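J.: Questions regarding the structure given below will be posed in turn.
The values are calculated or read from the model by the stated rules, or taken from the named source; none is laboratory data. Since the structure is predicted, the reported quantities are computational estimates derived from the model, not experimental observations. Backbone-built Cβ (ideal geometry, glycine too); neighbour counts: all protein chains shown. Ligands, DNA and RNA are stripped out before the accessible areas are found, and what is left, the full protein with its side chains, is counted by its heavy atoms. Shrake-Rupley method; radii C 1.70, N 1.55, O 1.52, S 1.80 Å.
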Amino acid sequence: MADPPDCCAACATCLLCPYSCQWITTKKEKRKGLRTTKCDCSWFLFLFGVFLFTLVWLYFAIIILNDLHNFNEFIFKERKLWLDWSLVLLIATAVLITYSSVLLILALCLQLCGQPLKLHWLHKILLILTALVVAAAFTGLGIKWAEEWRSAWISLQATGPFLHIGVVGGMTLLAWPLASFVYRTRNTGLKVFLLLVYCIVMIALYLAPLGITSPCIMEENQLPPKPALVGHRGAPMLAPENTLMSLHKAVDCDVQVFETDVMVSADGVPFLMHDEKLTRTTNVQAVFPERAALNSTTFNWTDLQQLDAGSWFLERKPFHTVDSLSAGDRKQAAKQRIPSLGQALEAAKESNISIMFDLRPENHSDYQNFVNATLEVILQSGIPLQQVLWLPDGFREQVKQQAPGVQQVYGRKRLQNEKEPLLHVNLPYQDMSSEEIRQYRQDNISVNLYVVNKPWLFSVLWCSGVSSVTTNACQVLKEMKHPIWLLPSSTYLMIWIVVDCVSFLIILWAFFLMKKCSHRRRPAESETDVLLTKINSLMQE
């Protein structure tokens, strides 16, 4: 294995203590004759693998933040526990990545100083636990939230060019400890193997941009218009969802469509509510404790009007933006009640925005009456029918006949043998590729994708040419005047070539410098070996 060169005793101790949990100076190490064994090398490779594994999870954790509010709602429905799981996710991920990063940096520094990589048994156990935790996180993601894999794939269109630069930079820096190990080790087979693997990886990275695609690699004049904003249940980061306050806050964010969910009370009044039960967004447990677990459609309109639909927003703080609300907004939020569809239509008409809604629950035995009651309210409201976007699939033909001016929005892609051409589709953002979005745009089909909260995702969809996006963060996307980044292909090609060339030169310099240092060290080591041999001979005599 590698021969340890001379190293500052204080530095050696500072590195060995946290890594090996030993207060040992370099001279003592030499007297004990310790070397980095094959087992130690295996643990170093395991450490490097855990670091990469955790780094990939960190990337996933950042990506899934766009959809984590859905996870919060799911946990509440299942466990009746409200918690901002984004904080838990980020804190846990930060602890894991920090721990593995510190250990890896210590190991690389020890290698540069020529110290043995004697990983302490406690670190070995913690590394195994770290790997198991991350593996469990990925497994749970694949089982319960499989669509996030497609989110990660989409994210590569936004981050691919920059991830490439980062990975090339990291592998370039790795050339220094690799060169140090190569020039110190006496194992020719291991030396050749490591160099061969490193060269293959670097060549693959240098050529990786050939496979990197992004809709934002385009000329400035090719950029499509900014997508219109659809307020998901209004502006739920600024006001309680599905309330009139939320609708008005969405109007302030320049949204063009107010997206909501409609249910029908026991006495036939359509009202705004997303969940089938009232426990999450009202104080039903306090007002009607014996009926709190019932479906919201079992309540009559008089009962529903007694419920507070705003205080939960201030108490549970579903978004971090709640803390930044003004005193006036807090007071107004606390006074919110469940609005009827008629009230929402009146507010939409006054604000000159469209309203898009789903009618729930579609599996209800009385669903046709729900449709009739909803159509009656729409026709009586006086709102221009072109401002109403109808999402439910049930009894769609009846709706077309009774209200032909209502815009029909489909929650599916077009079929090959479509009887009537689709004009509007509403889909999860994971379900359409950039190529499909461009094709629909060419065919004059309006595409709305949901739920888009993060600027990076909005930028990718903007560059792809999507018509509109449904968002919780209308106040954030409103301020975006341009995608986060936009690169002409010629500029990206220049960046690619410069990064690869600089990386190659740094790697050559690292190996040249380490070779020069190893040549300087060898004469001193030879003289020391001769002196020790003579002393040993004299002691034997």
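J.: Any residue that is of a type in the set (Gly, Ala, Ser) and modelled with pLDDT under 95 - is there at least one of those in the stretch 511-525?
T.: So far as the stretch 511-525 goes, yes, one or more of its residues are of a type in the set (Gly, Ala, Ser) and modelled with pLDDT under 95.
J.: Across the stretch 109-134, what is the number of residues that are in a helix (DSSP H, G or I), open to solvent by less than 40 Å² (accessible area, probe 1.4 Å) and either in contact with an Asp or Glu (Cβ under 7 Å, 6 or more places away or on another chain) or not β-branched (Val, Ile, Thr) (or both)?
T.: 5
J.: Just to be sure before I move on: is Arg150 within 23 Å of Trp456 (Cα to Cα) and among the basic types (Lys, Arg) in the structure I sent?
T.: Taking the combined requirement at face value, the residue satisfies it.
J.: Let me ask something else. Among Lys349, Lys400, which is the only one that is among the basic types (Lys, Arg), open to solvent by 10 Å² or more (accessible area, probe 1.4 Å) and touching a Ser or Thr at 6+ places or on another chain (Cβ under 8 Å)? Full working, then the answer.
T.: Values: Lys400 fails: touching a Ser or Thr at 6+ places or on another chain (Cβ under 8 Å).
Only one candidate qualifies: Lys349.
J.: For Ala373, all conditions in the list (1) hydrophobic (A, V, I, L, M, F, W, C); (2) over 26 Å from Asn426 (Cα atoms); (3) open to solvent by 10 Å² or more (accessible area, probe 1.4 Å) hold save one; what is the number of the exception?
T.: All conditions pass for Ala373, except number (2).
J.: Only one of these conditions is not met by Met480: (1) crowded, with 16+ Cβ neighbours inside 10 Å; (2) at pLDDT 95 or above; (3) not in a strand (DSSP E or B). Which number is it?
T.: All conditions are met except number (1).
J.: List the number of the failed condition for Asp393; all other conditions in (1) surrounded by 13 or more Cβ atoms within 10 Å (Cβ to Cβ); (2) out of contact with any Ser or Thr (no Cβ under 9 Å at 6 or more places or on another chain); (3) over 20 Å from Glu276 (Cβ atoms) hold.
T.: (3)
J.: Ok, one more. What number of residues in the stretch 89-122 are at pLDDT below 90 and more than 13 Å from Leu47 (Cα to Cα)?
T.: 8
J.: Follow-up. Tell me whether the stretch 286-309 contains one or more residues that are in a strand (DSSP E or B) and either of a type in the set (Gly, Ala, Ser) or at negative phi (or both). Steps first, please.
T.: The first filter runs over the stretch 286-309 and keeps only residues in a strand (DSSP E or B), leaving none.
Within the stretch 286-309, not a single residue is in a strand (DSSP E or B) and either of a type in the set (Gly, Ala, Ser) or at negative phi (or both).
J.: Same structure, new question: Among (1) part of a helix (DSSP H, G or I); (2) open to solvent by 40 Å² or more (accessible area, probe 1.4 Å); (3) in contact (Cβ under 8 Å) with a residue 40 or more places away in the chain, which single condition is Ser518 missing?
T.: It fails just one condition, (2).
J.: Can you tell me which of (1) open to solvent by 60 Å² or more (accessible area, probe 1.4 Å); (2) at pLDDT 90 or above is the one Leu58 doesn't meet?
T.: Unmet condition: (1).
J.: Identify all residues within the stretch 261-282 that are over 20 Å from Ile75 (Cβ atoms) and free of Cβ contacts under 8 Å to residues at least 60 places away in the same chain; write none if there are none. Outline the logic, then answer.
T.: Just the residues of the stretch 261-282 that are over 20 Å from Ile75 (Cβ atoms), to begin with: 262-272.
Correct list: Ser265, Ala266, Asp267.
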